[in-house]
1. Looking only at residues in the range 81-122 that are of a type in the set (Phe, Trp, Tyr) and in a loop (DSSP other than H, G, I, E, B), which one is modelled with the highest pLDDT?
2. Within the range 126-142, which residues are surrounded by fewer than 21 Cβ atoms within 10 Å (Cβ to Cβ) and of a type outside the set (Val, Ile, Thr)?
3. So is residue 147 assigned to a strand (DSSP E or B), at pLDDT 95 or above and touching a strand residue (DSSP E or B) at 6+ places or on another chain (Cβ under 9 Å) or not?
4. Can you name every residue in the range 44-75 that is in a helix (DSSP H, G or I) and not aliphatic (A, V, I, L, M)?
5. If I filter the range 166-178 for residues that are farther than 15 Å from residue 76 by Cα, out of contact with any helix residue (DSSP H, G or I) (no Cβ under 9 Å at 6 or more places or on another chain) and assigned to a helix (DSSP H, G or I), do I get at least one hit?
6. For residues in the range 129-138 being closer than 16 Å to residue 173 by Cβ and aliphatic (A, V, I, L, M), which is nearest to the chain's Cα centre (by Cα)?
7. May I ask you to list the residues in the range 146-161 that are open to solvent by 10 Å² or more (accessible area, probe 1.4 Å) and either touching an Asp or Glu at 6+ places or on another chain (Cβ under 9 Å) or of a type in the set (Asp, Glu) (or both)?
8. Filter the range 9-40 down to the residues that are farther than 23 Å from residue 158 by Cβ and either part of a loop (DSSP other than H, G, I, E, B) or of a type in the set (D, E, K, R) (or both), then identify the one that is modelled with the lowest pLDDT.
Amino acid sequence: MKLLEEKILAEGIAESDSILKVDSFINHQIDPALMKQLGEEIAAHFTGKGITRVATIESSGIAPALMTAAALGVPLVILKKQPSKILNQDLYQTVVTSYTKGVSYELTVSSHFMNENDHVLIVDDFLANGEAATGAIRLIRKSHATIAGMAVLIEKTFQPGREKLTEQGIDVFALARIAKLEPGMIQFVEENICQN
């Protein structure tokens, strides 16, 4: 999506060959108008797929997932990284190891918000190694729901996330696909090298 690519070039910061900071419009400060457009684009791609819920892992995926859910007219379910003191019964849980942060956490969803009647679209900010996405898929399958697909704002195509998901039969849709990062340089798939 050209709009997102232009925003990444204007405000994103390639800190290394694997780290892209987009905290001025996605992760820390959120551009609501942009998120609305991104959510509508994701929803348009998955329209007619029978989606009953959108799911995301807290917290950076919440904004695009909420806008996608609004565009589809379905609820958003937030997969929690830590069970709360009041949300502790009738839970589905799985352990996820974050490649980026080097920690493991327990991903949780209540059986009250996801079940065998659901067809779920997962939305997140990034797809890199695919560990979080694989954990979300595992958790949703524990609830006996089916997976409609995985949508991400930014995919790092030089990391194995897409391959891990497509091997499981998951439809992966990315709005911006990055082929290469270097400090001060962002290269998109099938695009010319662009300096930032």
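The values are calculated or read from the model by the stated rules, or taken from the named source; none is laboratory data. Since the model is a prediction, treat every value here as computed from it, not as a measurement. In this analysis, Cβ positions are derived from the backbone assuming ideal geometry, glycine residues included, and neighbour counts consider all displayed protein chains. Ligands, DNA and RNA are excluded from the accessible area calculation, which covers all protein heavy atoms including side chains. Shrake-Rupley method; radii C 1.70, N 1.55, O 1.52, S 1.80 Å.
1. The selected residue is 113.
2. Once the filter is applied, which keeps residues that are surrounded by fewer than 21 Cβ atoms within 10 Å (Cβ to Cβ) and of a type outside the set (Val, Ile, Thr), the range 126-142 yields 129, 131, 138, 141, 142.
3. Numbers: assigned to a strand (DSSP E or B): yes; at pLDDT 95 or above: yes; touching a strand residue (DSSP E or B) at 6+ places or on another chain (Cβ under 9 Å): yes.
Yes, satisfied.
4. Matches in the range 44-75: 45, 46, 64, 68.
5. There is at least one residue in the range 166-178 that is farther than 15 Å from residue 76 by Cα, out of contact with any helix residue (DSSP H, G or I) (no Cβ under 9 Å at 6 or more places or on another chain) and assigned to a helix (DSSP H, G or I).
6. Selected residue: 133.
7. Step one: of the range 146-161, the residues open to solvent by 10 Å² or more (accessible area, probe 1.4 Å) are 146-148, 156-160.
Across the range 146-161, the qualifying residues are 146, 147, 148, 158.
8. Taking the candidates together, the pick is 28.
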